[in-house]
Structure formats: C-alpha cells, structure tokens
Amino acid sequence: MKKRICILGSTGSIGTQALDVIAQHSDLYEAYVLTAYNNADLLIEQARKFTPEAVVIANENNYGKVKDALSDQPIKVYAGADALCQVVQDDNIDIVLASMVGFAGLEPTIAAIKAKKMIALANKETLVVAGDLITRLANEHQVPILPVDSEHSAIFQCIEPGNKIDKLLLTCSGGPFRNFTQEQLATVTKSDALAHPTWNMGAKITIDSATLMNKGFEVIEARWLFGVRPEQIQVVVHPQSVIHSAVQFEDGAIKAQLGVPDMRLPIQYAFSYPKRFPLDGERLDLFKMKALTFEQPDTQRFRCLGLAYESLKQGGNMPCIVNAANEIANRAFIDDRIGFEQIADIIEKTMQQTTFTKDSTLETYLQTDKEARQYASTLI
C-alpha cells in the first residue's frame, strides 16, 4: 500500500525535490496533501500534476486564486495558518514532511506529532526553537522523527544502535566567505551571500549558510535528535561537501556518509527507512576527488556559530530568541537594510535584552518569538 505524504512547504527547495522522489516512486508514495505559504502559482501547478486530496495556501489572500484554478479538480482547497495544523491530522496521512522555513513550521509539526504522524523533519527551526518540547511530545506520542537535513541524515545513517557515541562531526562547506578577512566581510553584498558554493537552497537558508548560523542551528538540532551534549558536537569545515557528516564512537572509530550534494537522497531515505530504493541522479566518483580537506570554523569572523553554541549552553528559550532575531536580521539583510556583519550584532543584542526563561511550553515559545522579533526590529 502506498504511503500517503503531506508536504508542509511543497513549493520550496525541499518540497519540490520531495515531489521528484514521489514521482520516481509513484508505486510507493502518494502526495496526499500539499501546502505553501505564498507561491500560489507553483502550488496550483503541483496540484494539477499530483492531484492530492487537499492543498493549503497559508496566505489567505491567495485562496480565491487557488480555489478558482483548481475548480475543475477533485481537490479540497483550504487557506490560513490554522488550516495547516488541521490538515496534518487527517487519518489517511502516513508521513508529514515538515519543510516549511522558519518559526512558522513549529505549530503544524506539533499538531502532526499529536496526531501520531511520522515526521520527516527538514524544518530545523522546529528543534532549534523548541527542542525540549518537541522531543518530549514525540516520546509521549511514540512518534519517530527522521532527519532530512543532509548532515543529520548522514549521522542517522552512521549511528549503530547500542554503540555509544563519543562525538558527532558535523560538516560545513564554510559558505561563500570561508576565506574572507574581517575587512572583506564588512563589504559583502546580498548577491555575494546568495552565491553558495555547493548547495542550491532558498534565499533565507543560503544567507544563514553564509553567516554559519545555519550550521549553528544544525548543532542545536543534532543535540535534540541524537541526545548528545553540546560539547560532543564538533563542526568541521569541509569545502568539498563530499562527507556529509560523521560519527566517532567510543573506541575512536569514525564512520562517515559520503555522496554528491543531492537533497533527494536524505528525503527519500526518510520516506523509505529502514529500506533503500533506487534513485536517479549523479553518483559520487572517488577517482575524481583530488583532495578532501578539513578546517576548524572561525567563530571570531563568523560570530553566529558561536552565538548558537552559547544559546544551547544557556538553554531554556535562548535558542528561540536567537532564531527570532536571526529571521528578522536575515530578512533585513536580504532587503538591503543592514550590512552582513550587523546580522550577528542584532542577534547578540536581542539575546541580551529579551526575557529569558527556562520554561519550555508552547505558550512560552510563542511569546518569546514575538518579543524577540519586536526588539530585533527596533535595532534595524
């Protein structure tokens, strides 16, 4: 029987690649629900191709457009943020791919967990903002959370149940400014930052990769996914992006997962686990690899990574504060309202001024997110 999949964020980079995986294995998977925030045109195109049971456009202003375009199709059309939380509870859904970008993915993911849906997690902010709450709910409802981020999928593929982890080696391309001096970083532009050397991602994540905040978020995510201490997670700058991440065990052995930079592999593995299925695409040719190099990250030049580690050390709602401030600063940089180095300044000041609490309820995180966004906005 086909697995019915709900894609939260079907028009984004992960969502579109997930649909390619589904198309390659139409005998195994069905795109049962598709959702988008604002990209009505692509959502309509996807719906006409995959004929899901339902679609959701979160921006209610686009409801009429989507509804009219699909009026000749047997597809239910919903709109609004609340509809995202409601649609994931459909009894027929087997897997929810959480691939919305940012804080907006938190509540729909919680709703899916409470509905006992298996989670394929590509929205790292869910664990960054509320890792303690999410892992507690997943345990309570006995819901597996399978990682889709390439690094966390690599770690997941390397872990050996019953064997103790000594260290997680989280690889990082270093971004487009890996070799830039502090002086050069002060003058980089949006177009410079959007030119990622390895991966093709959306603008928000690409900017986060340039600041290394994306890697900082992955450190926080790894802490909750794999139950390790922050000091057990080591970021390794690996420009070739061939080793997607590795695990060091207590006997010193290191096990790594290698491959070409193709997000369809971790997406498909989250859908198929524990089995593997064929996947069309490029294969890694080791004979073409001239060298694999590794460096330590520089948290003086790339302060966002250090701030992420600091937020994890403090715990409570501090990672939520960092995420909220980063979303505001990231958007401001994309809109040419601040410089590249000001992103870290805004995050650090927001960490210092936003109310800190050890509490870990959804209400706390919602209030923290609101307060941190408001304060960060005043700094721009």
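Values in this text are rule-based calculations from the coordinates and carry no lab data. All figures in this text were calculated on a predicted structure; none of them were measured in a lab. For neighbour counting, all protein chains shown are included, and Cβ atoms are generated from backbone atoms with ideal geometry for every residue, glycine included.
At a glance:
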| item | result |
| --- | --- |
| Rg/Rh (Cα only; Kirkwood hydrodynamic radius) as it applies to the chain | 0.95 |
| Relative packing of peptides 232-245, 1-14 - highest average C-beta neighbours within 10 Å first | 1-14, 232-245 |
| Gain on full stretching of the segment that runs from Asp166 to Gln353 - 0.36 nm per residue minus C-alpha separation | 63.8 nm |
| Listed residue pairs exceeding 18 Å between alpha carbons, taken from Lys114/Lys204; Lys2/Lys117; Lys167/Lys215 | Lys114/Lys204 |
| Gain in span if fully extended, Ser71 to Ala186, counting 0.36 nm per residue against the direct Cα distance | 36.3 nm |
| 5 Å binning of all Cα-Cα separations within the stretch 233-317, expressed as whole percents from 0 upward | 3, 10, 15, 17, 17, 19, 12, 5, 2, 0 |
| Over the stretch 298-380 - Rg/Rh using Cα atoms and the Kirkwood inverse-distance radius | 0.97 |
| Descending principal axes extents, the stretch 93-161, alpha-carbon based, whole Å | 30, 25, 24 |
| Contact order normalised by residue count of the chain, Cα under 8 Å, 6+ apart, percent | 15 |
| FRET E, pair Lys116, Met289, Förster distance 51 Å, beta-carbon r, rounded to 0.05 | 0.75 |
| Members of Lys124/Lys190; Lys255/Lys288; Lys124/Lys290 lying beyond 26 Å, as alpha-carbon distances in this model show | Lys124/Lys290 |
| Highest-fluctuation residue, Ala69, Ala222, Ala253 considered, GNM on the chain with Cα pairs under 10 Å | Ala253 |
| Charge dipole (debye, nearest 20) of the stretch 135-201; +1 at Cβ of Lys and Arg, -1 at Cβ of Asp and Glu | 40 |
| Electrostatic dipole magnitude of the chain [Cβ: Lys, Arg +1; Asp, Glu -1; Cα centre; debye, to 20] | 380 |
| Dimensionless Rg over Rh [the stretch 1-49; C-alpha; Kirkwood] | 0.95 |
| Choice from Asn62, Asn323, Asn163 showing the highest fluctuation, given a GNM over the chain with Cα pairs closer than 10 Å | Asn163 |
| Whether the stretch 1-147 is rounded, prolate or oblate, judged on the alpha carbon gyration tensor where a/c under 1.5 counts as rounded | prolate |
| Convex hull volume per residue for the stretch 235-380, taking Cα atoms only, in Å³ | 198 |
| For the chain, share of DSSP beta bridges that run antiparallel, in % to the nearest 5 | 25 |
